[in-house]
Amino acid sequence: MLDHFSSGLLAIGCGRDDNRQFPITDRATTRAIRFEEDDTNRAREHKDVDLDHPVRDLTTSRQTASDCERAVDDRSQVRAGDLSIDPARLPPHNGFVVAFVGSDGSGKSTVTREITGWLAQQAPVTQLYFGTGDGPVSPPRRVLRRIGALVVRWKKQIRNAAPSEPSPESTAEPETRVTPGITRTVWRIAWALLVAHEKKRRLATMLRARRDARIVVCDRYPQAETLGYNDGPLLGGWIEHPRRFLRALAKHELAIYRSFARYPPDLVVKLHVTPAVAAQRKEIASLDRLQRKADGIKRLQYPSSTLVLDVDADRPIEEVLHDVKSAICSRI
């Protein structure tokens, strides 16, 4: 029943999402970065990829973490012009997935864009956005976002003056910027379920791209360890709610996020940034909130089959990109 309920929310106002291609020309041929978003034909999508049963052909030959660290640390042996991948090392029906995770202001979007462009000159690449911010959104969630913004603006006008300190609403996540009571509850449910099912459809897109031996670059990657932020479940606080219906919604959402653990990336790049630097980049006043998110990124765990690269994102972007490219070259 919950699947029908959330699917109905997704269907409201949804046309066919854009599949945009941006060609990039390299030395030998023209590649395309495929920004594949939501596919409204869910029947075909679930026929292609069964998210309820892990596939068996997603493992590939692994290198140890020490191999990757040596590739990153020994910069004297890797010149900037020598950083390239070997697409022939990608086994058939088994591509390569790299995911960038980090707190606000860590440079995830910038690094994702630069790495995607670099890889697209050498191999087929698919870029996916798993966040809820400025990236692609479904039409229903776009409407909810506008409603939330209007409510916040209306309440500020009623107060007729800005508060001396940032209010909880002004610093809250988008999913909590709504009026209290039943309106807030309904809005929060709709937002959380729309977000969860957008992520689920993009996971299916990721698996299809990987099966086609493409390199998949993920801006963020959903997880179920941290609830409420860092791309974790938004209804996690309702797991033990006294109302059965709200508990069921929270568990339904949590199951979607847990499904991502069945298909871990081959490489996870953790972009670590100090709250002071992040606040300068994103103009965020709450240092405590930034520190909480940064600590959550450090605690994220991945299976042994996934190589995790910790990168100091306080450094200039050129140094960050060099470390990331070196890690990818050590795997492909």
Within the P(r) computed for region 201-247, what percentage of the Cα pairs occupies the region above 11 Å?
73 percent
Mean Cβ count within 10 Å, highest first, over the residues of peptides 307-317, 259-269
259-269, 307-317
For region 263-332, with every protein chain kept in place, what is the accessible area per residue (1.4 Å probe, Å²)?
44 Å²
What does the extension gain come out to for residue 243 and residue 156, with contour length at 0.36 nm per residue minus their alpha carbon separation?
28.1 nm
FRET efficiency estimate (nearest 0.05) - Cβ-Cβ, residue 298 to residue 86, R0 45 angstrom
0.90
Let me check something: with ligands and nucleic acids excluded, how do 302, 221, 129 order by accessible area (1.4 Å probe), largest to smallest?
302, 129, 221
Whole number please: convex hull volume per residue of the Cα set in region 218-332, in Å³?
117 Å³
Net dipole in debye of region 275-332 [+1 Lys, Arg Cβ; -1 Asp, Glu Cβ; about Cα centre; nearest 20]:
260 debye
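The values are calculated or read from the model by the stated rules, or taken from the named source; none is laboratory data. In this text, all values refer to a predicted model and were calculated from it rather than measured experimentally. Neighbour counts run over all protein chains shown; Cβ positions are idealised from the backbone, glycine included. Side chains included, ligands, DNA and RNA excluded: accessible areas come from the protein's heavy atoms. Shrake-Rupley method; radii C 1.70, N 1.55, O 1.52, S 1.80 Å.
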